[in-house]
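Only one structure is covered here, and it is reproduced in the block below.
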Amino acid sequence: MSVMELIKPSYYDEFHCIASACRDSCCIGWEIDIDRESLERYKQVDGPLGERLRRAVTEDGCFRLTGEEERCPFLNGEGLCDLILELGEASLCEICREHPRYYEWYGSLRKEAGIGLCCEAAARLILKGGSLERTAPETPEPGDEVDGELFSLLDGARDRMLAVLAEERLSLEEKEREICRMAEETQRAVDEGWRWDDMETVPAAGAEVPRPDLSWTERLCRELLTVLSRLEPMDPAWPGQLAAMEGRLPELLAAVPEFLSRHPQREREYANLLSYFLFRHFLKAAFDGEALPRALAALAGVQVVCLRDVFLWLTKGSFSFEDGVESARRYSKELEYCEENLEALERWCGERWNGRYETN
Ligand code: SF4
């Protein structure tokens, strides 16, 4: 019997919430479902805090958000959590204790853990990058069963993609084209029911891959921004930002090479971002076979973050690491934290690649 493996990025354990120093606290604007165990504990709290807890929890077991900003009722004026201050960190409900950590289970084969890009402290670590660490989970709770052959195929393909992204001698463009090629090949293998052992050896990175011209890229980016602008926004300001980017699209795309030459570290950060998206989402194809749309959605995410970066750079006349953190974080909040939005993007990517998507 195979032993469950736990994989997590090397920066996972470095994560610390920066609490009051956070610019977009996760204690504002998010509905927090309190787990049953914590609800029971909160019912036992007495005194003024107990009274406050009972007033602050809705009948559905969520914290009652307050004010226009929709703040958690325990987030105080200094940006600190009153529950932690009065009862200690152990008093937090599961979501508050775990966020922005996430977990994925693949049957009894694998548990994967990571930190989510929607948190600025996590985004800093993700952009700086790291490697993957493999251990055995302390508590190997199995998840929904997966087909072992399909899982191995996707897992092997993802390892190769992550290796390409870690390759220092390739440019970002070469890496992205190579990821596209590998994802297409993986999808063919999935559709034809190949085993991982049957896969041809992937040609050396940098092999012949078609290079899109600028007008094609512009058409595709315009469609992508339009698709994103039709999704349910988490932040009401997001559609306006997408529209502003679309309004200057030719200028932004033309400025990308100069932006990258002036901020050479950004190429590495985009590769790290792409590694994060692939690590977090690609292997979920083990449940539905949709490998290519997930890889394309990861590439689309990096493209949108890059366009926002260039937009900021041209508008402000400067660009910092923190600007890049903010672009990545905002994108993540809109796409990764709304299942319907991410699925819509992946669907569009798959249809667009297959040529079934009608252009306007
Ligand atoms: S978004 Fe991240 S850094 Fe900010 S309060 Fe939440 S967990 Fe802490």
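Side notes on the structure shown:
- Residues of segment 102-117 satisfying the condition of being in contact (Cβ under 8 Å) with a residue 60 or more places away in the chain and more than 14 Å from His16 (Cα to Cα): Tyr102, Glu104, Tyr106, Ser108, Leu109, Arg110, Lys111, Glu112, Ala113
- Just one of the listed residues (Glu40, Glu5, Glu14) is free of Cβ contacts under 8 Å to residues at least 60 places away in the same chain and open to solvent by 40 Å² or more (accessible area, probe 1.4 Å), namely Glu40.
- Scanning segment 261-305 for residues being open to solvent by 30 Å² or more (accessible area, probe 1.4 Å) and farther than 27 Å from Ser152 by Cα gives a total of 7.
- If you go through segment 43-71 and keep only what is open to solvent by 50 Å² or more (accessible area, probe 1.4 Å) and assigned to a helix (DSSP H, G or I), you end up with Lys43, Gln44, Pro48, Glu51, Arg52, Arg54, Arg55.
- Hey, Pro48 within 16 Å of the ligand (Cβ to nearest atom), free of Cβ contacts under 8 Å to residues at least 24 places away in the same chain and not aromatic (Phe, Trp, Tyr) or not: no
- Residue in segment 25-37 that is free of Cβ contacts under 8 Å to residues at least 60 places away in the same chain, more than 16 Å from the ligand (Cβ to nearest atom) and not hydrophobic (A, V, I, L, M, F, W, C) present: yes
- Condition check for Leu252: farther than 27 Å from Gly114 by Cα, crowded, with 19+ Cβ neighbours inside 10 Å and touching a residue at least 12 places away in the same chain (Cβ under 8 Å): yes
- Residue check, Glu138 within 16 Å of the ligand (Cβ to nearest atom), modelled with pLDDT under 95 and open to solvent by 70 Å² or more (accessible area, probe 1.4 Å): no
- If you go through segment 189-229 and pick out every residue that is exposed (fewer than 11 other Cβ atoms within 10 Å of the Cβ) and modelled with pLDDT of 90 or more, you end up with 0.
- Ala123 surrounded by 18 or more Cβ atoms within 10 Å (Cβ to Cβ), among the small types (Gly, Ala, Ser), within 16 Å of the ligand (Cβ to nearest atom) and touching a residue at least 24 places away in the same chain (Cβ under 8 Å): yes
- Test: residue in segment 77-98 that is crowded, with 16+ Cβ neighbours inside 10 Å, more than 14 Å from the ligand (Cβ to nearest atom) and part of a strand (DSSP E or B): no
- Search result, residues across segment 141-166 that are farther than 21 Å from Trp196 by Cα and open to solvent by less than 60 Å² (accessible area, probe 1.4 Å): Gly143
- Matching residues in segment 99-120 - criterion: being part of a loop (DSSP other than H, G, I, E, B) and surrounded by 19 or more Cβ atoms within 10 Å (Cβ to Cβ): His99, Pro100, Leu109, Gly116, Leu117, Cys118, Cys119
- Single residue of segment 327-356 satisfying the filter (open to solvent by 40 Å² or more (accessible area, probe 1.4 Å) and acidic (Asp, Glu)) that is nearest to Cys180 (Cα to Cα): Glu351
The values are calculated or read from the model by the stated rules, or taken from the named source; none is laboratory data. Predicted model, so just to flag it, every value in this text is computed and none were measured. Cβ coordinates were reconstructed from backbone atoms using ideal geometry, including for glycine residues, and neighbour counts include every protein chain displayed. Ligands, DNA and RNA are stripped out before the accessible areas are found, and what is left, the full protein with its side chains, is counted by its heavy atoms. Shrake-Rupley method; radii C 1.70, N 1.55, O 1.52, S 1.80 Å.
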